[in-house]
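Have a look at the structure below, then the notes.
Just so it is clear, none of the values below were taken in a lab; they were calculated from the coordinates. Small disclaimer: the values here were computed from a predicted structure and weren't measured. Here the Cβ is made from the backbone with ideal geometry for all residues, glycine too, and neighbour counts use every protein chain on show.
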Amino acid sequence: MKKSIITFGRIIQSGIVNFIRNIAIAIAAIAVMTVTLTVLLLSIIINSTFSNTVSHYTAKIDISVYLKDSDSATQTDKLLAEIKGLSNVQSVQYLDKAQVLAQYEADNPNNQQLALAISETNNPLPATIHIRPKNLNKIDTIKSFLVEPSIYALQSNPPSYSGSLQQAINNITHATDILRKLGVIAVIVFASICVLIIFNTLQMAIFNRREEIQIMRLLGASTSYIRGPFVVESAVYGFLAAVFSIVIVNSIFVTASSTLQATTLGLLNVGYATTFFDSHFWLFLTMQIIIGIIIGAVSATIATRRYLKFKIK
């Protein structure tokens, strides 16, 4: 057990020494891996931000049904029950004329002309039913119900739909799908380039140390002992790339939120993205380090199996 620990320590030490020795040729691998991890992290944050924006808009979308003053309580109760029975209805809120007026006044507290007009007339606002759908893509089922002759006859005006918000949600969803696909493609491309660069870097390192490796093999060193330092060296690439990517992403959001003094960039809510990144900082750092080390270690393992076998024979 003690011998294994000592051997493992020597492998770690040799890997770090090799990294320092080969830092010049390792810069390219670290740079490309940093770009890969940065793109991956930004994709996660942007997707989460867009999902939050969609949820924010979705919560505001409803259908307003305006009732006639002549509708009886029985008719209103029956209509409410039928609406609640629709499969795509999430919630139903009924406001009588007095409640609608109170809400209207609360929403317009500084409108003196409105207050004067209301005080001089009877309440002109109709009782209203607010319907919140479950699935915005199936809102037509509710629309079809509301335009039925028997139902439409109870309404003083056509129903009001939050169409502009629906269009905004469609735009955000479309942008999210495109960015998600682009993010996946970018991560795959940069990860592939990163693996190729690590292969070439290790090939050069193995070539430069070919005599040392031959001596180690002749002295009875195991394959894992020879391969270990190269794996550790590549894992260090991944660790540093992860740290650099976190620094880059943090700098992007600090710049966007302070220097540019922006809360949104197009559809992207910078304020939420910054808060989301800050609140998950340690999780993202850990995730980046693990992914970076895995990319480096796996690439090194594959490369050393190929190149060491060729050079040692």
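Take each peptide in 194-201, 229-236, count the other Cβ atoms within 10 Å of every residue, and average; sorted highest first, the result is 229-236, 194-201. Highest-first packing order for the peptide set 295-303, 269-277 is 295-303, 269-277, based on the mean count of other beta carbon atoms within 10 Å.
Each of the peptides 142-151, 69-78, 47-56, 285-294 was scored by the mean count of other Cβ atoms within 10 Å over its residues; in descending order, highest first, they stand as 285-294, 47-56, 142-151, 69-78.
Multiplying the sequence separation of residue 181 and residue 143 by 0.36 nm and subtracting their Cα-Cα distance, what value in nm do you get?
Roughly 10.3 nm would be gained on extension.
Out of every Cα-Cα pair in region 62-161, what percent are more than 19 Å apart? More than 19 Å apart: 45 percent of the Cα pairs in region 62-161. So if we plug the beta-carbon distance of residue 250 and residue 74 into 1/(1 + (r/R0)^6) with R0 = 51 Å, what FRET efficiency do we get, rounded to 0.05? So the FRET efficiency works out to roughly 0.25.
Placing a pseudo-label 7 Å from each Cα along the Cα-to-Cβ vector at residue 278 and residue 12 gives an inter-label distance of 3.5 nm.
Residues of region 57-89 with amide nitrogen under 20 Å from the 7 Å Cα-to-Cβ point of residue 98? Correct set: 67-77.
Residues whose amide H lies under 5 Å from that of residue 62, counting only those 5 or more places away or on a different chain, are 162; hydrogens are built 1.01 Å from N in the peptide plane. Annotation for residue 81 and residue 130: the two label points, set 7 Å from Cα along the Cα-Cβ direction, are 2.5 nm apart. Database remark: amide H of residue 89 closer than 5 angstrom to the amide H of 134 (H placed geometrically; neighbours at sequence offset of 5 or more, or on other chains; Pro and chain starts carry no H).
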